[in-house]
Each structure stands twice: as C-alpha cells, then as structure tokens.
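Worksheet: one structure, shown below.
The values are calculated or read from the model by the stated rules, or taken from the named source; none is laboratory data. All figures in this text were calculated on a predicted structure; none of them were measured in a lab. Virtual Cβ from ideal backbone geometry, glycine too; neighbours counted across all protein chains shown. Quick note on the areas: whole protein, heavy atoms, side chains included, nothing else; ligands and nucleic acids left out. Shrake-Rupley method; radii C 1.70, N 1.55, O 1.52, S 1.80 Å.
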Amino acid sequence: MSTDPPFSDRPPIDDLESVFTDTPSTEERIYSLLVQNTGGVSAPDVAEQLSCSTDTARKYLNWFTELGVATKRDGRPVRYERNTEYFEWRYVSELANTHSLEDLRGNVLEIRDQLTTFRDRYDADTPASIDVVEAADRLDIDLEEAWDDLSTWASLKEELRLHDRARRRLSDRAEASAD
C-alpha cells in the first residue's frame with residue numbers, strides 16, 4: 001500500500017513544466033538574459049550574473065551575434081544587444097506560417113478598426129500626441145484607463161505593421177507559387 005497522500009491532498013505544483021525540464025544550460029541562460037535586457041550586456045556582466053566564466057559568456061554572446069540574435073556594440077567593455085529586427089522577422093515569419101492570408105487580412109482590418117476607435121475617442125492621430133491627464137479629464141475616465149488606452153493604441157500600431165508585413169509575405173508567397 002502506498003504511503004503517498006491521496007492525489008487531492010497533495011500540494012499543487014506551481015510550475016508543472018519545471019518537473020519535466022532540466023536546469024537551463026549556460027547557453028539558454030545567456031540567451032534569456034540577452035533578450036530580456038533592453039540596454040545591452042557585456043561579457044563580464046553576464047559572467048557575474050550567471051556565475052560562468054567571462055570567456056564562456058563572450059563565446060556565446062559572439063555566437064548569438066553571428067546568428068543575428070544580437071548585435072555587438074564596440075566600446076569598453078563591448079556590449080551586446082538583442083537584435084530587434086531578428087525578433088521582428090521571426091514574429092512575422094511565425095504569423096505568415098501559422099495564419100491563412102484571409103486570417104491575416106481580417107486581423108489587419110480588425111486592428112485598423114481598433115486604431116480608428118482610439119483616434120476618434122482621443123481626437124488625435126497618435127498616442128504620443130496626447131496629454132494623458134488632460135485627456136482623462138476631458139473624457140471623464142480614470143488616469144489609469146487613459147494610460148492603458150494609450151499603451152494599447154501604441155501596441156496596436158506595431159501589431160498592424162507586423163501583421164501587414166506577414167500578410168504581404170504570404171501574399172507574395174502565394175503569387176510566386178501561382179507562377
């Protein structure tokens with residue numbers, strides 16, 4: 001007979017994925033640090049934060065640079081930054097590979113409609129042109145709601161651009177295969 005408590009009496013597992021995965025490798029930890037850090041990192045910084053050698057950190061940072069994941073900025077010390085264009089390309093490729101042309105067209109139209117709603121509500125062309133305190137008072141909404149709106153609006157502008165790139169990529173691919 002088992003001495004384990006019944007299943008319903010066991011404490012919940014907070015992170016089920018951690019039960020099935022090993023500790024991340026040095027390469028994975030450096031990658032994670034690199035892509036999450038917006039200001040760039042140096043090999044000595046990485047080595048200190050991840051408890052690895054500076055040579056190991058530099059080796060992987062240079063490798064990520066060769067792959068296009070990072071860019072290298074000369075200086076003392078040399079800094080490595082995530083390559084935003086690479087992650088954009090990857091996201092656009094994923095959209096184009098996982099959505100139909102019709103879905104992407106629909107997404108572009110839906111996002112465009114949401115942007116029009118924000119433009120109309122705030123009577124402005126861009127969220128950057130809005131004084132959030134003044135807008136919240138004028139619309140009689142909480143300041144937090146106005147900030148959320150402006151943040152969403154800015155994000156939607158970027159999503160529109162990326163979804164349209166994916167739509168154009170898929171359209172070009174369809175035209176090429178029709179030839």
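Counting only helices (runs of 4 or more DSSP H) that sit completely within the range 41-111, those holding 1 or more residues that are basic (Lys, Arg) and open to solvent by 90 Å² or more (accessible area, probe 1.4 Å) correspond to 54-67, 84-98. In the range 25-32, the condition of being open to solvent by less than 90 Å² (accessible area, probe 1.4 Å), of a type in the set (A, V, I, L, M) and touching a helix residue (DSSP H, G or I) at 6+ places or on another chain (Cβ under 6 Å) is met by at least one residue. When residue 122 is tested against (1) of a type in the set (Phe, Trp, Tyr); (2) surrounded by fewer than 14 Cβ atoms within 10 Å (Cβ to Cβ); (3) over 23 Å from the mean Cα position of the chain (by Cα), just one condition goes unmet, and that condition is (2). Kindly indicate whether any position in the range 166-174 is among the acidic types (Asp, Glu), part of a helix (DSSP H, G or I), in contact with a helix residue (DSSP H, G or I) (Cβ under 6 Å, 6 or more places away or on another chain) and open to solvent by 50 Å² or more (accessible area, probe 1.4 Å). No, because not a single residue in the range 166-174 is among the acidic types (Asp, Glu), part of a helix (DSSP H, G or I), in contact with a helix residue (DSSP H, G or I) (Cβ under 6 Å, 6 or more places away or on another chain) and open to solvent by 50 Å² or more (accessible area, probe 1.4 Å).
Out of everything in the range 17-63 that is among the small types (Gly, Ala, Ser), closer than 29 Å to residue 88 by Cβ and modelled with pLDDT under 95, what residue ends up being farthest from the chain's Cα centre (by Cα)? Result: 25. Output the residue which, of all residues in the range 136-159 that are open to solvent by 40 Å² or more (accessible area, probe 1.4 Å) and of a type in the set (A, V, I, L, M, F, W, C), is farthest from the chain's Cα centre (by Cα). The qualifying residue farthest from the chain's Cα centre (by Cα) is 139.
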